[in-house]
Amino acid sequence: MKNFNFRKGVIAVLALAAIGCTKKEEGGSGINLDRALVTMDYSGGTPVTITVEAASNWTAAPSVSWITLSDQTANSIVVSVEPNDGVERDGEVVFTAGDAKTTLKVKQLENPELPAHFRKFDEYQSAVASPTGKYITAMGGSTDDAGLMVFNVYLIETATDARTHVGTYTYELSAPFCVTDDGSMMFYAQAWVNTALIEPDGSDLILSYPDLNIGTPRISCVSTDGHIWGGYFGGTTEDGNIPYIFVDGEPTTRLEVPETNFRGAPRVAGNSGFQLRGGSADGTMFYGTSWDNLDYGMCYWDKEGKFHWVGGDMYKTSQHETVDQYGNPKTVYCVDWGVQCEDEQYKMSPNGKYIGCMIYQETFDEAQGAAVGSRTGAAVFDTETGEVIMMPSGMNVFSVTDSGLAVVVDGAPATSSTIYDLKAGVSLGDGVDWVRENFGIDISNSGGCFVTHIFGENDNVVFGCYPTEAGTYNYWYAAKNN
């Protein structure tokens, strides 16, 4: 990151003691282990002896066949694993003593002879990748010894899987939103009100530009070289959210927006305005959403900074005259055909040519006197030709590469994805199959992992999600070995 001359900000960083790793039992006192996790070599390595403290007789059972248990005594047991010829894998050993239970997590590393390495982020609540996939920044929340919530930030180099604990922060970090290719990280902070810039050395800054008097900034994307940021300000009562471009840390360009909203209706003062959500790798093009009454209409700004609705000539709106419940005349505005986007990242290909999206259509319901809408499919918009390329199936296009690979998510909530080759006009199959064919690794038995993004000039880093038991998503990545 360059040495930016930021305006006044609030700096706060505090390193705290490391959190202990012993996992306590579920359901009351009765059984404790001397560790919560063991990591084993791909070859099996040396068996590990686990010390057990229990108030009564206890048993242990592995959750997968490649974990074996032996040499159990009154207060210990030996855990072994079979050789692993595939990717990194996870299992558990469940210890039970009466009504008390506790779990030992077992992680086994992948075979280093594989053409790519694969990592899951079970320990982090959120993660995001840099424009080329060089870095991933991840965050995990925990409590300190005083019971206070703290946030641990990590930086992962995908080529080597080298992980750096950047720092522990006592103010709320809601989520990482972007990271530059030199490791500078942006987080939504303090209940999504502010943006925190955290550098690889752990120093941090709450971004603030009070002299603009248009609210707090939210940085959504960064150029590959880190010089240009795209984002938006919380705005004013009159304007709502205001999209902005930043150069070397300074807000330089307020992007133009139309007088009408996604449905073609005059914008109402005080509504949510426009939020810039992502951009091209060189920082010359950006896309965003209209949040006038939370309509999620997708827009983009070209290299001259001109505003467009995504969809080009296919985007259509209509007006319908009716009456309200009191018999007064009113106009209902409809999106006959349009494109929506929420807060998703990487929808624009690095070169700015493609934008992934989901189609949204409304009809006027005379009986209700209202517009009734639904999302009707996935598509890619070509900003150079104005063409809308409909996907043969799927709900939404999460990302598109410069080479024309579109990652199509098949439903909502997302549980799988398909890779589509735009140039050849063919489906390349399920994302898991694509990873197997192009990365030489099998992730089909890795807890529901599916592809959401592909990075790198040669598509050499793939990023995705997998569902958790809590109903949320964790993250994973795979990178080709040099």
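Just so you know, all these numbers are worked out from the coordinates, no wet-lab data involved. Note that the coordinates shown come from a computational prediction; the quantities given were computed from them, not determined experimentally. Please note: Cβ atoms are built from the backbone with ideal geometry, for glycine as well, and neighbour counts cover all protein chains shown.
When you check residue 248 against the structure, is it closer than 26 Å to residue 136 by Cβ and surrounded by fewer than 21 Cβ atoms within 10 Å (Cβ to Cβ), yes or no? Explain how you work it out, then say what you get.
On the way: closer than 26 Å to residue 136 by Cβ: yes; surrounded by fewer than 21 Cβ atoms within 10 Å (Cβ to Cβ): yes.
So residue 248 passes the test.
Collect the residues in region 182-205 that are in a strand (DSSP E or B), among the hydroxyl-bearing types (Ser, Thr, Tyr) and farther than 13 Å from residue 139 by Cα, keeping them in residue-number order. I'd like the intermediate steps shown before the answer.
In the first step, residues of region 182-205 are kept if they are in a strand (DSSP E or B); the result is 185-189, 194-198, 204-205.
From what's left, among the hydroxyl-bearing types (Ser, Thr, Tyr): 188, 195.
195 - this is the single residue of region 182-205 that is in a strand (DSSP E or B), among the hydroxyl-bearing types (Ser, Thr, Tyr) and farther than 13 Å from residue 139 by Cα.
What number of residues in region 34-84 are in a strand (DSSP E or B), touching a Phe, Trp or Tyr at 6+ places or on another chain (Cβ under 7 Å) and over 25 Å from residue 446 (Cβ atoms)? Even if it seems obvious, please write down each step before you answer.
Initially, region 34-84 is screened for residues in a strand (DSSP E or B), giving 37-40, 48-54, 59-62, 67-70, 76-81.
Those still in the list that are touching a Phe, Trp or Tyr at 6+ places or on another chain (Cβ under 7 Å) too: 52, 60, 81.
Then keep just the ones that are over 25 Å from residue 446 (Cβ atoms); that gives 52.
Final tally of qualifying residues: 1.
Looking only at region 178-200, count every residue that is surrounded by fewer than 24 Cβ atoms within 10 Å (Cβ to Cβ) and aromatic (Phe, Trp, Tyr) and tell me the total.
2
Can you pull out every residue in region 315-369 that is aliphatic (A, V, I, L, M) and assigned to a strand (DSSP E or B)? Don't jump to the end; show me each part of the working.
Looking only at region 315-369, we keep the residues that are aliphatic (A, V, I, L, M), and these are 323, 332, 335, 339, 348, 355, 358-359, 367.
Within region 315-369, 323, 332, 335, 339, 348, 355, 358, 359 meet the criteria.
Which condition from (1) over 13 Å from residue 401 (Cβ atoms); (2) touching a residue at least 60 places away in the same chain (Cβ under 8 Å); (3) surrounded by fewer than 20 Cβ atoms within 10 Å (Cβ to Cβ) is the one that residue 457 breaks?
Here residue 457 clears every test but (1).
Working only within region 392-414, note down all residues that are surrounded by fewer than 24 Cβ atoms within 10 Å (Cβ to Cβ) and either touching a residue at least 60 places away in the same chain (Cβ under 8 Å) or not small (Gly, Ala, Ser) (or both).
Those that are surrounded by fewer than 24 Cβ atoms within 10 Å (Cβ to Cβ) and either touching a residue at least 60 places away in the same chain (Cβ under 8 Å) or not small (Gly, Ala, Ser) (or both): 392, 395, 401, 402, 405, 410, 413.
Return the only residue of 474, 438, 481 being crowded, with 18+ Cβ neighbours inside 10 Å, among the polar types (S, T, N, Q) and closer than 26 Å to residue 224 by Cβ.
Values: 474 fails: closer than 26 Å to residue 224 by Cβ; 481 fails: crowded, with 18+ Cβ neighbours inside 10 Å.
The unique qualifying residue is 438.
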